[in-house]
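**Student:** The structure's right below; bear with me while I get my questions together.
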Amino acid sequence: MAVPAELIHEFPTTAAAGMRVPARFYADDELWRQIGSDRSVQQLLNVATLPGVTGCVYAMPDVHEGYGFPVGGVAAMRAADGVISPGGVGYDINCGVRLLASDLPADRIRPKLHDLIHELARSVPSGAGHGGRLSLSDAELDRVLVEGCRYLVERGLAHPEDLDVTEAAGSLPGAVAGFVSRRAKDRGRDQLGTIGSGNHFLEVQIVDALPDTRAAGVLGLVEGQVAVLIHTGSRGLGHQVCTDFVRLMDEVMPRYGITLPDRELACTPLASPEGQRYFGAMCAAANFAWCNRQVITHRVREVFQRFLGAQGDLRLVYDVAHNIAKLEDYGGERLCVHRKGATRAFGPAHPETPARYRAIGQPVLIPGSMGTASYVLVGTDANAALSYGSTCHGAGRRMSRHAAKRTKPGHEVRRELEAQGIVVACPSSGELAEEAPFAYKDVERVVEVVDRVGLARKVARLRPLGVVKG
Amino acid sequence: MRDDAAPVREPVARDVGHTAEVELLARGRTFGDLLAAAGRGLGELSLGGSIPTASGEWRLVQVQAGDRAALVVNWLNELIYLAEVDRWIATEFTVERATDTDFAVRARGVTVDVPPSRVKAATLHGLEIAERDGLLQAHVILDV
């Protein structure tokens, strides 16, 4: 199926000095107008200058400016002679989303919703830096970093079947705990099982529409059912890994003859000692993030069972990263695919699509902003040629944090959400204002473009009943 | 802060239209002043806009880097690390030594029960240190 031409905005290599490949944006007219209001275009053109970049660099419909890479950017570098860039992954390594589904109809929990949300807020620490409930020794932390969620099965914090529906089974094999600095370990040690601040959240949701009932059936989703969406990442540990390696690569780049339009794109060849050390540390931080979401899942399951008994069982539907670099094969060539604010979206035929989802494609989880819908999509086989098997990661910001706070104070945002029947547990009114729905692009529009381009297909829409925010 | 090295007081965090992050603006008569102002601005952001009176022991904090821009970033990342791990937010500074590649400062601040929840990293993105109206200034994009 051809991509509608009006949804493609492409810049040739002549658009800016040093571009090695074209840069392509997927957006409709309204999203393209919003994208043009910040520095996303210049940032993606800068990414197109990186050594070893191949094919085309892509921006998803939810793209917005970041630092170095735009958020919503995808770039693939040849593994043999291309670079790896910590900025192409982002500070929150393996920030991602997981979806849990219950067998409960929403009516069953409404009478307990307020108490349930506040108990979740107590059991799952939220704000940045808050200590979690799982304290780790050095040896235990190293096992988290190297083994990921496999270690949590041994600890009784994960079901074995959870691994079947977690990207990479929650454990990247290239992880090297020794490449993660002492400082990063210090920051992460007591943060396993915490949400963090900013746009991270935990939501209790209701499945309210099924655009594809067949695929929804395979995922075990039915209309009116209660689900839980968790959006968080690798916390201080991942941030420190990125900080450490941006600094290192910025210092050693001249040794490799690399000059860049933006120092935050700092990089070295993947095959270099520095590149290999970053890759090993990034994989370890990614494993930490999957464990973080898994420990939160364990806490959420405990709370649901306390409130609802056996009917409160929660089944993991899927867990997917949207800040990561992965080694993948395209056209017989091994590439290092950087996804910064972009979600992997493999089709039914891809060998990494979980066995139980081979009939429909890999699930893609798109969190909306507070008060708006979230989406479940599935990847397509055609996407391999459209964006290295990638799609959007959310609604994408359209308004700065200051502008959001100026537009509406946090207490008003809280009142409006509560007027919609959404229970809110958030200690900071300021952060509530910064993350208000109007600060984001229209998720419905973003997902519509994704579906029309063929990056992924819509399966289910969920809307919030209650939200726990950092 | 010693009077002869007092930083120029400005609003240190402001909206410059970045869609997702926060920009810190720091100014100083000297590079050492600028670094101290950046540290104070970060403390103010971390504490939600108000700075309580500093107390406790003075601590020596030192950072190095290959150039001025990297030194600004390394300095702020050092303070972010201390805030998160030691739960100590530096707010008052006495510059001991400031070159383009080396910064040593004595600092006092406040300890907090809960580590600050706002700033997670300082970035090199678009960071330039320039002289304007007789003052050195730097704009630093912070990951929040």
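**Student:** Kindly put A:V317, A:V459 in sequence by how many other C-beta atoms sit within 10 Å of each C-beta, fewest to most.
**Tutor:** Details: A:V317 21, A:V459 25.
Least to most surrounded, the residues fall as A:V317, A:V459.
**Student:** Loop-only check: which GluC sites (Glu not before Pro) in segment A:300-381 are DSSP coil with at most 16 other Cβ within 10 angstrom?
**Tutor:** Those satisfying the criteria are A:E352.
**Student:** Okay, next question. Within segment A:1-29, whose backbone N sits under 13 Å from a point 7 Å along Cα→Cβ of A:A349?
**Tutor:** So the set is A:1.
**Student:** Pull up the cross-link candidates among the lysines for A:K441, meaning alpha carbon to alpha carbon under 28 Å and not fewer than 8 places away within one chain.
**Tutor:** List returned: A:K326, A:K340, A:K405, A:K408, A:K458, A:K469, B:K120.
**Student:** Run through the DSSP bridge list for segment A:312-467 and note the antiparallel percent, rounded to the nearest 5.
**Tutor:** Taking every DSSP beta bridge with both residues in segment A:312-467, the antiparallel ones total about 90 percent.
**Student:** Same structure, new question: Using the Cα atoms as the points, what is the convex hull volume per residue of segment A:129-249 in Å³?
**Tutor:** Spelled out: Cα convex hull of segment A:129-249, divided by residues, is 152 Å³.
**Student:** Would you mind ranking A:F179, B:F31, A:F69 by Cβ crowding within 10 Å, fewest neighbours first?
**Tutor:** Lowest count first: B:F31, A:F179, A:F69.
**Student:** If you don't mind, another one. For every helix of n ≥ 4 consecutive DSSP H residues, a contribution of -39,500 (n - 2.57) applies; sum these over the protein assembly as shown, divide by its total residues, and give [θ] at 222 nm rounded to the nearest 500 deg cm²/dmol.
**Tutor:** Result for the protein assembly as shown, helices only: -9500 deg cm²/dmol.
**Student:** How many percent of all Cα-Cα pairs in segment B:3-143 sit more than 19 Å apart?
**Tutor:** On the way: 4447 of 9870 pairs.
Cα-Cα pairs of segment B:3-143 separated by over 19 Å account for 45 percent.
**Student:** Would you list A:E435, A:E412, B:E78 from fewest to most Cβ contacts within 10 Å?
**Tutor:** Lowest to highest Cβ neighbour count: A:E412, B:E78, A:E435.
**Student:** On average, how many beta carbons from a partner chain sit within 10 Å of the beta carbon of a residue in B:120-131?
**Tutor:** Mean partner shielding for this stretch: 6.
**Student:** So, one more: Would you kindly compute the Cα radius of gyration of the protein assembly as shown and its largest Cα-Cα separation (Dmax), both in Å?
**Tutor:** Reported Rg and Dmax, both Å: 23.1, 73.
**Student:** Quick one: compute the contact order of segment B:3-143, relative version, from alpha carbon pairs under 8 angstrom and 6+ residues apart, as a percent.
**Tutor:** The value is 28 percent.
Coordinate-derived values only; no laboratory data. Remember, it's a predicted structure, so these values are computed and weren't measured experimentally. Heads up, the Cβs are rebuilt from the backbone with ideal geometry, glycines too, and the neighbour counts pull from every protein chain shown.
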